[in-house]
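Trainee: Take this structure first; my questions come after.
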Amino acid sequence: FMMIRHHHTIEEELLFPFFESKMGPNAMGQNLEQHHQFQEGLDDLERYIKKVLGGQAVYDGSLVIKKLDSFADDMVKHLHDELSTIESSRMRAAFTEKELEDAVHVLKKRVLKDVSLTIVLPLGLILHDKSTAPQFPPLPKFVLWLVRYGLWYLHSDAWRFGPCDRHGKPKPDFRNDL
């Protein structure tokens, strides 16, 4: 929940206004509207999980699925639709290379300020199939080693649910062949 909320906050407060500064007002309006379409369902699921973790509710897998189903289609549609609005040729047509580099610098600074690297770095490893982009994440080898063999263990009980292992190799039972 924290990661999705952070992702949307970064987009809505930093990226969308930047994009719209050159692409025109409301160029990112569809993305913003789609965020609102599934936010209530996501918030409802988060409230339920917090109650379960706090001992105020009993875990019910069928209820979790029902809550996920209430917003999953809208969220997946958004993830697909969003790609065309930030497609590289559109960005290059609207912005200079320097403007994009500056935006990336501001983005990196904000991300590093806001997120827990003990969660984000290992999460980045288990969500990324190395065969699609072998050089990602662009971190020094020592940092990758530290993440794989140090930070990994802080939340290793959760990482088992990721689609890839800590080396970026897809797990056979977690493939997404859609």
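Trainee: From the residues in the range 80-90 that are assigned to a helix (DSSP H, G or I) and touching a residue at least 24 places away in the same chain (Cβ under 8 Å), which one is farthest from E40 (Cα to Cα)?
Mentor: Selected residue: R90.
Trainee: Here's another thing I want to ask about it. Between I86, I126, I119, which is β-branched (V, I, T), over 30 Å from E20 (Cα atoms) and either touching a Phe, Trp or Tyr at 6+ places or on another chain (Cβ under 7 Å) or modelled with pLDDT of 85 or more (or both)?
Mentor: Criteria check complete, one pass: I126.
Trainee: Further, regarding this structure: Among the residues of the range 19-40, how many are open to solvent by 50 Å² or more (accessible area, probe 1.4 Å) and either of a type in the set (S, T, N, Q) or more than 21 Å from F1 (Cα to Cα) (or both)?
Mentor: The number of residues fulfilling the criteria is 7.
Trainee: Continuing with the same structure: Of the residues R47, R5, which is charged (D, E, K, R) and either touching a Gly at 6+ places or on another chain (Cβ under 8 Å) or within 23 Å of H105 (Cα to Cα) (or both)?
Mentor: R5
Trainee: A further question follows. Quick one: which of K130, K77 is open to solvent by 40 Å² or more (accessible area, probe 1.4 Å) and part of a helix (DSSP H, G or I)?
Mentor: K77
Trainee: Could you count how many residues in the range 137-168 are open to solvent by 100 Å² or more (accessible area, probe 1.4 Å) and either under 19 Å from the mean Cα position of the chain (by Cα) or of a type in the set (S, T, N, Q) (or both)?
Mentor: 3
Trainee: Next question, about the same structure. If a residue must be within 23 Å of E11 (Cβ to Cβ) and part of a helix (DSSP H, G or I), how many such residues does the range 133-163 contain?
Mentor: Qualifying residue count for the region: 0.
Trainee: Tell me whether the range 57-73 contains one or more residues that are surrounded by 14 or more Cβ atoms within 10 Å (Cβ to Cβ), over 18 Å from the mean Cα position of the chain (by Cα) and either more than 26 Å from L127 (Cα to Cα) or of a type in the set (V, I, T) (or both).
Mentor: Scanning the range 57-73 turns up at least one residue that is surrounded by 14 or more Cβ atoms within 10 Å (Cβ to Cβ), over 18 Å from the mean Cα position of the chain (by Cα) and either more than 26 Å from L127 (Cα to Cα) or of a type in the set (V, I, T) (or both).
Trainee: Going through the range 9-32 one residue at a time, which ones are in a loop (DSSP other than H, G, I, E, B) and touching a residue at least 40 places away in the same chain (Cβ under 8 Å)?
Mentor: Those that are in a loop (DSSP other than H, G, I, E, B) and touching a residue at least 40 places away in the same chain (Cβ under 8 Å): A27, M28.
Trainee: Inspect all residues belonging to the range 41-51 and state whether any of them is out of contact with any Phe, Trp or Tyr (no Cβ under 6 Å at 6 or more places or on another chain) and loosely packed, with under 11 Cβ neighbours inside 10 Å.
Mentor: Among the residues of the range 41-51, not one is out of contact with any Phe, Trp or Tyr (no Cβ under 6 Å at 6 or more places or on another chain) and loosely packed, with under 11 Cβ neighbours inside 10 Å, which makes the answer no.
Trainee: Could you say whether any residue in the range 92-99 is outside any helix (DSSP H, G or I), loosely packed, with under 14 Cβ neighbours inside 10 Å and without any contact (Cβ under 8 Å) to a residue 40 or more places away in the chain?
Mentor: The answer is yes; a qualifying residue exists.
Trainee: Here's a follow-up. Only one of these is aromatic (F, W, Y) and farther than 29 Å from P138 by Cα: F18, F38. Name it.
Mentor: Only one candidate passes the filter, namely F38.
Trainee: Please go through (1) open to solvent by 60 Å² or more (accessible area, probe 1.4 Å); (2) touching a residue at least 24 places away in the same chain (Cβ under 8 Å) for K113 and return the number of the only condition it doesn't satisfy.
Mentor: Single failed check for K113: (2).
Trainee: Which is without any contact (Cβ under 8 Å) to a residue 12 or more places away in the chain and part of a loop (DSSP other than H, G, I, E, B), of V104, V58?
Mentor: None of the others qualify; the one that does is V58.
The values are calculated or read from the model by the stated rules, or taken from the named source; none is laboratory data. Remember, predicted model here, so these are calculated numbers, not experimental data. So basically every Cβ, Gly included, is an ideal-geometry build from the backbone, and we count neighbours across all protein chains shown. The accessibility values were calculated without ligands, DNA or RNA, using every heavy atom of the protein model including side chains. Shrake-Rupley method; radii C 1.70, N 1.55, O 1.52, S 1.80 Å.
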